[in-house]
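Notes follow the structure.
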Amino acid sequence: MIPAVMPTYGRADVAFERGEGVWLYTSDGRRLLDFGAGIAVTALGHCHPHLVAALTEQAGRLWHCSNLYRIPAQEKLAQRLVDASFADSVFFCNSGAEAMECCIKMARKHFSAAGKPERWRIVACDGAFHGRTLATISAGGQAKMLAGFGPRVDGFDHVPYGDLSAMRAAITGETAAILVEPIQGEVGVRPAPEGYLEGLRALADELGLLLVFDEVQCGMGRTGRLFAHEWSGVTPDIMGLAKGLGGGFPMGACLATERAAAGMTAGSHGSTFGGNPLATAAGNAVLDVMLEPGFFKAVQANARLLWSRLENIQERHPAVLAEVRGRGLMIGLRCAVAVENKALVRSLLERGLLTVPADDNVVRIIPPLTIEKTHIEAACAILEEACTACRK
Ligand SMILES: *Cc1c(COP(=O)(O)O)cnc(C)c1O
């Protein structure tokens, strides 16, 4: 018999009742270190006092108001994102897939509005993940997510990630945009090779294309700067955000330059819930914390400490861990061939540490950005123990 909750996920048999910072508590009193952060969502940990205060205050005043009216907190959040980025304008939605859907629609509309409707295709990368709607599974292009859902949404071409000449070769007179993740997440935490984003920017400029970054996972401070592309020195024309943006409240956003967003006029796109008062109260509270002076410096320092511990463990357990990769607090531990990533994730969970599996036999370490030295030491002690147990 089908369960009442549609069985689309493989779930571990554990449930949590309460969260506080980096910790999650089960109803029978167990305490686990959350280094998965709900897949890079709870960027400030669980029940951050500032977020709780902002949300409860807003909940007592006004939850929802449609986009038929002005929403001051939405205007404020948009302005803050604009001030902190390359963008001139922001569209709010409720998830990463919707953010990427807006990126795709905007790229197509840009050329249509510019009198070049024949330019509507987008070149994306193998191994990409952009969400689970029909358009975004087609943009991702992964067979396992497309299987059984009928014809793909047309308009997406794919090339190997990191290969600039393949990207150039795939661009035709029908191409509107290049779409990449500055760090691929689901495929196993693969950062863009040195010079890749710069090369894509140059290519887009040379051929008159839009450059779209999916920072749904790697953005919002995950790498130790507000946006992952900041490390490269180049900026996109359009960018999708979600995951950490609401600190656990579901929300997404599509940021764009004025030029890229030229086709997005009244009536061209919309969302009932997108950017409502409750969501934007959460988003503003997240930015209050992240934009405090010194926040990213602390994230970078903690990331350095975590990396040095993880690299040390990897060196001592090469039969279990083959590689540590990623950037900042978006880390992939690639397991050795003889070890199954999901088995290691299970073993870590049993020992009190939550992590997230990814493709390529990777265990993702994506903790709250607010972790401290003691959490790092505790998590690494558990990893060490699990690695030792793994070899027996
Ligand atoms: C998670 C993710 C998405 C999809 O986000 P949802 O909120 O699940 O729709 C899109 N792109 C990337 C890079 C992601 O990691």
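Do the conditions hold for R201, that is, is it within 12 Å of the ligand (Cβ to nearest atom) and among the basic types (K, R)? No: the conditions fail for R201. Tallying residues that are hydrophobic (A, V, I, L, M, F, W, C), more than 10 Å from the ligand (Cβ to nearest atom) and in contact with a helix residue (DSSP H, G or I) (Cβ under 6 Å, 6 or more places away or on another chain) within region 204-244 yields 6. So which residues in region 71-123 are under 18 Å from S271 (Cα atoms), away from the ligand (no atom under 16 Å from the Cβ) and of a type in the set (D, E)? Within region 71-123, E75 is the sole residue that qualifies. Of all the criteria given as (1) in contact with a Cys (Cβ under 8 Å, 6 or more places away or on another chain); (2) more than 16 Å from G326 (Cβ to Cβ), the one not satisfied by P182 is (2).
Here is a yes/no grid of residues against (1) among the aromatic types (F, W, Y); (2) surrounded by fewer than 23 Cβ atoms within 10 Å (Cβ to Cβ):
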{"residue": "K144", "(1), (2)": "no, yes"}
{"residue": "D154", "(1), (2)": "no, yes"}
{"residue": "S165", "(1), (2)": "no, yes"}
{"residue": "V180", "(1), (2)": "no, no"}
{"residue": "Y196", "(1), (2)": "yes, yes"}
{"residue": "A202", "(1), (2)": "no, yes"}
{"residue": "G208", "(1), (2)": "no, yes"}
{"residue": "T235", "(1), (2)": "no, yes"}
{"residue": "A242", "(1), (2)": "no, no"}
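With a requirement of 2 or more residues that are in contact with a Pro (Cβ under 8 Å, 6 or more places away or on another chain), the helices (runs of 4 or more DSSP H) lying completely within region 276-392 that satisfy it span 341-350, 373-390. Is there any pair with a first residue in region 231-254 that is touching a residue at least 24 places away in the same chain (Cβ under 8 Å) and under 13 Å from I104 (Cα atoms) and a second that is assigned to a loop (DSSP other than H, G, I, E, B) and more than 10 Å from the ligand (Cβ to nearest atom) whose Cβ atoms are under 6 Å apart and which are 6 or more apart or on different chains, and what are they? Cβ pairs passing all conditions: D237/T257. Residue selection: A285 satisfies the criterion of being touching a His at 6+ places or on another chain (Cβ under 6 Å), buried (at least 17 other Cβ atoms within 10 Å of the Cβ) and either at pLDDT 95 or above or not aromatic (F, W, Y) (or both). Checked against the criterion of being modelled with pLDDT of 95 or more and either among the polar types (S, T, N, Q) or not assigned by TED's automatic domain parsing to the domain that holds G263 (or both), region 117-136 has at least one qualifying residue. Across region 130-169, which residue is farthest from the ligand (Cβ to nearest atom) among those that are closer than 16 Å to C103 by Cα and of a type in the set (S, T, Y)? Per the criteria, the residue is S138.
The sole residue among L329, L305, L278 that is crowded, with 20+ Cβ neighbours inside 10 Å and more than 21 Å from E215 (Cα to Cα) is L278. For region 152-194, enumerate the residues that are touching a residue at least 60 places away in the same chain (Cβ under 8 Å) and of a type in the set (V, I, T). Correct list: I183, V187, V189.
The values are calculated or read from the model by the stated rules, or taken from the named source; none is laboratory data. Note that this is a predicted model, so its numbers are computed, not measured. Cβ atoms come from the backbone with ideal geometry, glycine included; neighbour counts cover every protein chain shown.
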